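For reference, the structure is listed below as structure tokens.
The values are calculated or read from the model by the stated rules, or taken from the named source; none is laboratory data. Computed from a predicted structure; not experimentally measured. FYI the Cβ positions are ideal-geometry reconstructions off the backbone, even for glycines, and counts take in every protein chain you see. Keep in mind that these areas ignore ligands, DNA and RNA; they rest on the heavy atoms of the full protein, side chains included. Shrake-Rupley method; radii C 1.70, N 1.55, O 1.52, S 1.80 Å.
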2 protein chains.
Amino acid sequence: MAEENEACQDRCYRIVRKRLPILTWLPKYSLQWLQADLVAGLTVGLTVVPQALAYAAVAGLPVQYGLYSSFMGCFVYCLLGTSKDVTLGPTAIMSLLVSSYAFHDPVYAILLTFLTGCIQIALGLLRLGFLLDFISYPVINGFTSAAAITIGFNQIKTLLGLQNIPQQFVLQVYYTFCRIGETRAGDAVLGFICLIALTVLQQMKKSLPRGSRLEGLFIRISHLIIWTTTTARNALVVLFAGLVAYSFQVSGSQPFTLTGTTPQGLPLFKLPPFSKVTPNGTVSFGNMVQAMGAGLVVVPVMGLLETVAIAKAFASQNSYQIDSNQELLAMGFSNFLGSFVSAYPVTGSFGRTALNAQTGVCTPAGGLITGAVVLLSLAYCTSIFYYIPKAALAAVIICAVAPMFDIRIFYTLWKVKRLDLVPLCLTFLLCFWEVQYGIIAGVLVSIILLLYPVARPQIKILKHEVLLIQPGSGLNFPAIEFLRDTMYKQVFSESRWHSVILDCSHVSSIDYTVVLGLSELLQEFQQRRQSLIFIGLQAHVLQVLTAAELEGFCHFPSLKDAEQSLGEDLCSASEALLDDRDNILPASGIIQ
Amino acid sequence: MAEENEACQDRCYRIVRKRLPILTWLPKYSLQWLQADLVAGLTVGLTVVPQALAYAAVAGLPVQYGLYSSFMGCFVYCLLGTSKDVTLGPTAIMSLLVSSYAFHDPVYAILLTFLTGCIQIALGLLRLGFLLDFISYPVINGFTSAAAITIGFNQIKTLLGLQNIPQQFVLQVYYTFCRIGETRAGDAVLGFICLIALTVLQQMKKSLPRGSRLEGLFIRISHLIIWTTTTARNALVVLFAGLVAYSFQVSGSQPFTLTGTTPQGLPLFKLPPFSKVTPNGTVSFGNMVQAMGAGLVVVPVMGLLETVAIAKAFASQNSYQIDSNQELLAMGFSNFLGSFVSAYPVTGSFGRTALNAQTGVCTPAGGLITGAVVLLSLAYCTSIFYYIPKAALAAVIICAVAPMFDIRIFYTLWKVKRLDLVPLCLTFLLCFWEVQYGIIAGVLVSIILLLYPVARPQIKILKHEVLLIQPGSGLNFPAIEFLRDTMYKQVFSESRWHSVILDCSHVSSIDYTVVLGLSELLQEFQQRRQSLIFIGLQAHVLQVLTAAELEGFCHFPSLKDAEQSLGEDLCSASEALLDDRDNILPASGIIQ
């Protein structure tokens, strides 16, 4: 009795620990870890604040919403996350998606966060994370490359201080070039200076030697200074631009477009809005959901995809395991609770996660520090944000999205697998029109490319003393008519084959449509007094065929057994030919 | 020059002959064939006339539209068809679909015919016939069984003479039983007599011995009489019922619901309607198309499916070949031209095709006679149709659809392949709600069942002296994460494996996402100073992997070669185990 109780307790504790990964690492927490987490958390915090202000503009929301979105994810992930490196928060791609589906309206954005959270939690609880596997790399790459261009170009107008440029990408490009003469000199000069500064600092960081290898106090101190400067470059550049703007303001003139007033203080903890009051009456929950449409699929799925991909990448780099379904739950709860503090949907940020890992974070507790930095800046620094020039934030975004555009993939795919260029190009081009069309079209085309060999498997045909037919992969219902047509062409066009052997070694499953097709084939063989012999049936395929009680069904484990039983010399040449892997051809190019 | 010209002419002639199969059989036409075609065409004609009147009621259209739909298909198929047996015309299933999508309005029905024809011609020209392969047998069976019940039950109210019963299936069942007390005695008695007569004649025909085996003039004449009576049973029963109704009419009382006035004469040859004038204004082409919605996919596809399935079945039974794409074109032109003579969509009729084959038709010319019978009855017999009791037509339909309901399939699938019960039951049940939902849901579920093993292939794992991992089927992008997870669990959880062998014998194609996943795996192996060795790569898979220039990529043709090269004894036990086909298990059940 006591033993049973103990076993039950043990199981419960294991389940709780699986669902609350903090219980695994917290008991082992040490002072050394705390130090590392403090430094990493602070570093990420100094990056997320300027990025949050900038991404809010990409999402088409007032700047404070970027900060509102930046802390809840850190806290929730600390409790529920299984990767030490991942940091959740606003990202360039998610901001672009929010700007498409939330109509630049915080009410829609917060409802989208709430629903995204609910959908992600549901996917996690139903263990549907495997659905993400159906988004192939070319689709992801096509989307991120298109997003990088869209987001980057979107910032050009801010960098140049142009006003009233339409949102739609093609129109945006057109009007930006048309009205390039209206460029505001102050914004443009400051923007380009920030851009250059950020690029130089980024390159410096890349070429910086590892600190641990250095000797001598002076060298180590100067290394530390350079490391800090290059790592906190976003914060420093924005701070510097803000100071310049402030000094101009004090001197009475203002050549820059400024961020302007940001409401001070933390967001209230309240229920997300389930309807919207407008001058023309109330928009109901149903209508809001309908307006967001495909966004309710695209936002949760892309969010999950980004987080899981990042978590897997860093888990693999730093040799630990993550639990995909637990990651879905962590994401889901971050968004669900985020919607109570007016956040827009968050996801794992590649750039900040990399920064977190490089700075040497030891546990997800680093997120607590990051979250605290965001909360402090919301509480005390919003008056400073007034002076941040928009052009400086635009420079921060351009530097963040530039590495996302990957031109080499086109060359790589051309070299490695040209067929994959189809989903890549389709996704890439359609994403400029509408993000969801690009992703959906890419996924559909990938699935069609996946289904084509299922419907038209390679069929190896060997004409020697006996006709040997071998489907190169599985035999599923879309392929049975094709197999029958091939058989007709090969077998019934010439009457010299007394027996035909169907080699099912590669057939790992079989369905009733196939069984029916085979049964009709067998009947036809019997009518023509020819025989169809099955070889190489796997155990459960044989089970299905036996259960179907096919008339005239005859099978042998291998070609040798068939030979022995039929008393013919079927094998000799056949095996030699079948072993030669270069001879696998689609049925259209038959080995004669 | 002359030779070239001749070769070109020859090729042209072959293409023309492929597109106009009549050119193949007409030159060989003989008097004997003519005799057989005459008898068969007449027999089918006597069946199609009463069926056409009845099916028009199923489609919710005035009776003459059944006849309008019955001749064009016969003529066009004679020119373009590749099967001697198939006869096109109104069928129970197509009539049910028309009643769903044409709103009981001839204008919609004719436009639907036109668009169906255009879509089918397009599918034929684009050689998209293979799309039909994605409709599996359980989906077709679920649909036809549901259609048999819907159509059969739909006729019960007519058989009983009930009025004003709603169309929706569930309501229809409810109200038919509620108002069973309102049954009209005359209709019910006549209906059941017709039903019994048809069933008895059908059974008689089944048990009739073959005429050719009989001897003696008297026996042969009585056999001929019985054969004629049982074969033309539909026409005879309807004629008998009409005579009874006529004699009642003459005597001054009428206990039956009659067909009523049918407009005399042939339909005009005119453009199909592209808009509809209503009292509330004109309904535009766009709005009509929108109203028909999914019907524009379901009607052409189901029509093609029925025709191709029937053509293949009879081609196989009578040992000839059909050309699926030419069948699509024949169907398409039948509908396209049919819409000019006010036809509703037609397709191959299983019952009449079987009758055609049994009567011994020799060429598609039999269709000309069938078409002529229909035209003659339209020109001269419509005044007789006035007296046909609706209950008699209902009996004809019930007898035609009864064999379509197949209860044994549920038992067969339970025995042979239980998973296929899912699309079957889903299609069957949803078809009672809306036909398109049933078919679409069935097809989607079939595709998911098809994709599941693509995403989660069986992975054979063999732990002996070396770790051997073998994907049981292809390796496509949805499976790569699964393969990696399996690898992590197997390889990195224990450090005792120095080298791991990935056997790709069953992998017939590879995409870039997989290449990327493998490249990351290779990196990880290198980091851990373990080695990953590929064996059994097919030629083009190897080509892709070589083009990708993976770091640390090492492959051997077979396990033996790997063994020789690595100087280890990898094979001995491994091969024995791998050959044992019962050991193929999903990764969750690993062979230790």
Which residue, of A:Asn154, A:Asn164, is surrounded by fewer than 22 Cβ atoms within 10 Å (Cβ to Cβ) and within 22 Å of A:Tyr101 (Cα to Cα)?
-> A:Asn164
List the pairs whose first member sits in the range A:355-366 and is closer than 18 Å to A:Ile322 by Cα, whose second member is open to solvent by 20 Å² or more (accessible area, probe 1.4 Å) and outside any helix (DSSP H, G or I), and whose Cβ atoms are under 7 Å apart, counting only residues at least 6 apart or on separate chains?
-> A:Ala357/A:Asn318; A:Val361/A:Lys84; A:Cys362/A:Lys84; A:Thr363/A:Tyr29; A:Thr363/A:Lys84; A:Pro364/A:Lys84
Report yes if some residue within the range B:528-537 is surrounded by 21 or more Cβ atoms within 10 Å (Cβ to Cβ), among the β-branched types (Val, Ile, Thr), at the interface with chain A (Cβ under 8 Å from one of its Cβ atoms) and closer than 29 Å to A:Ile409 by Cβ; otherwise report no.
-> no
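Could you list, in sequence order, all residues of the range B:15-35 that are charged (D, E, K, R) and surrounded by 10 or more Cβ atoms within 10 Å (Cβ to Cβ)?
Within the range B:15-35, B:Arg17, B:Lys18, B:Arg19 qualify.
Pick from A:Ile469, A:Ile510: which is within 9 Å of chain B (Cβ to nearest Cβ), open to solvent by less than 20 Å² (accessible area, probe 1.4 Å), modelled with pLDDT of 85 or more and outside any helix (DSSP H, G or I)?
None of the others qualify; the one that does is A:Ile510.
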Flag if B:Tyr387 is of a type outside the set (A, V, I, L, M), open to solvent by 20 Å² or more (accessible area, probe 1.4 Å) and more than 14 Å from chain A (Cβ to nearest Cβ) | yes
Enumeration of residues in the range B:167-193 that are aromatic (Phe, Trp, Tyr) and open to solvent by 40 Å² or more (accessible area, probe 1.4 Å) | B:Tyr174, B:Tyr175, B:Phe177, B:Phe192
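Table: residues versus (1) within 11 Å of another protein chain (Cβ to nearest Cβ); (2) open to solvent by 30 Å² or more (accessible area, probe 1.4 Å); (3) modelled with pLDDT under 90.
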site: B:Phe477; (1), (2), (3): yes, no, yes
site: B:Ser493; (1), (2), (3): yes, yes, yes
site: B:Val500; (1), (2), (3): no, no, yes
site: B:Gln526; (1), (2), (3): no, yes, yes
site: B:Ala548; (1), (2), (3): yes, no, yes
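The rows are residues; the columns are (1) modelled with pLDDT of 90 or more; (2) crowded, with 16+ Cβ neighbours inside 10 Å; (3) not aromatic (Phe, Trp, Tyr).
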residue	(1), (2), (3)
B:Ala379	yes, no, yes
B:Leu393	no, yes, yes
B:Asp406	no, no, yes
B:Leu426	yes, yes, yes
B:Ser446	yes, yes, yes
Matching residues, the range A:302-339, being more than 14 Å from chain B (Cβ to nearest Cβ) and surrounded by fewer than 20 Cβ atoms within 10 Å (Cβ to Cβ) | A:Leu337
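Okay, residues lined up against (1) touching a Leu at 6+ places or on another chain (Cβ under 6 Å); (2) under 27 Å from A:Ile409 (Cβ atoms); (3) touching a residue at least 60 places away in the same chain (Cβ under 8 Å):
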residue	(1), (2), (3)
A:Gly142	yes, yes, yes
A:Phe153	no, yes, no
A:Asn164	no, no, no
A:Tyr175	no, no, no
Return yes or no: is A:Leu444 within 11 Å of chain B (Cβ to nearest Cβ) and assigned to a helix (DSSP H, G or I)?
-> no
Somewhere in the range B:197-217, is a residue touching a residue at least 40 places away in the same chain (Cβ under 8 Å), under 29 Å from the mean Cα position of the chain (by Cα), closer than 30 Å to B:Arg418 by Cβ and buried (at least 19 other Cβ atoms within 10 Å of the Cβ)?
-> no
Any chance the range A:128-138 includes a residue that's aliphatic (A, V, I, L, M) and crowded, with 18+ Cβ neighbours inside 10 Å?
-> yes
Give me a count of the residues in the range B:85-109 that are open to solvent by 20 Å² or more (accessible area, probe 1.4 Å) and over 14 Å from B:Thr150 (Cβ atoms).
-> 6
Go through (1) within 19 Å of the chain's Cα centre (by Cα); (2) modelled with pLDDT under 90; (3) surrounded by fewer than 18 Cβ atoms within 10 Å (Cβ to Cβ) one by one and return the number of the condition A:Ala147 breaks.
-> (3)
Is there any pair linking a residue in the range B:280-297 that is open to solvent by less than 50 Å² (accessible area, probe 1.4 Å) to one that is part of a strand (DSSP E or B), with Cβ under 6 Å and at least six apart or on different chains, and which?
-> B:Val283/B:Lys276
The condition of being free of Cβ contacts under 8 Å to residues at least 24 places away in the same chain and in contact with a Ser or Thr (Cβ under 9 Å, 6 or more places away or on another chain) holds, among A:Thr262, A:Thr228, only for A:Thr228
When the residues of the range A:513-524 are filtered to those that are of a type in the set (A, V, I, L, M) and surrounded by 21 or more Cβ atoms within 10 Å (Cβ to Cβ), which remaining residue is farthest from the other protein chains (Cβ to nearest Cβ)?
-> A:Leu518
When the range A:479-491 is examined, which residues are found to be at the interface with another protein chain (Cβ under 7 Å from one of its Cβ atoms) and free of Cβ contacts under 8 Å to residues at least 12 places away in the same chain?
-> A:Tyr488
Any idea which of (1) farther than 28 Å from B:Leu444 by Cβ; (2) within 11 Å of another protein chain (Cβ to nearest Cβ) is the one A:Leu419 doesn't satisfy?
-> (1)
Test for A:Ser505: is it crowded, with 20+ Cβ neighbours inside 10 Å, under 40 Å from the mean Cα position of the chain (by Cα) and either assigned to a helix (DSSP H, G or I) or facing chain B (nearest Cβ under 9 Å) (or both) = no
Restricting the search to the range B:447-465, which residues are under 26 Å from the mean Cα position of the chain (by Cα) and more than 8 Å from chain A (Cβ to nearest Cβ)?
-> B:Ile448, B:Tyr452
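Can you tell me which residue in the range B:408-421 is farthest from A:Leu516 (Cα to Cα), limited to those that are open to solvent by less than 50 Å² (accessible area, probe 1.4 Å) and not charged (D, E, K, R)? Steps first, answer last, please.
Keep residues of the range B:408-421 that are open to solvent by less than 50 Å² (accessible area, probe 1.4 Å), which gives B:409, B:412-413, B:416-417, B:420-421.
The next check asks that each one be not charged (D, E, K, R); those that pass are B:409, B:412-413, B:416, B:421.
On the way: B:Ile409: 12, B:Thr412: 11, B:Leu413: 11, B:Val416: 11, B:Leu421: 15 Å.
Filtering first and then ranking leaves B:Leu421.
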Cβ pairs under 9 Å, 6+ apart, first in the range B:396-416 and within 14 Å of another protein chain (Cβ to nearest Cβ), second part of a helix (DSSP H, G or I) and among the acidic types (Asp, Glu) = B:Leu413/B:Asp420
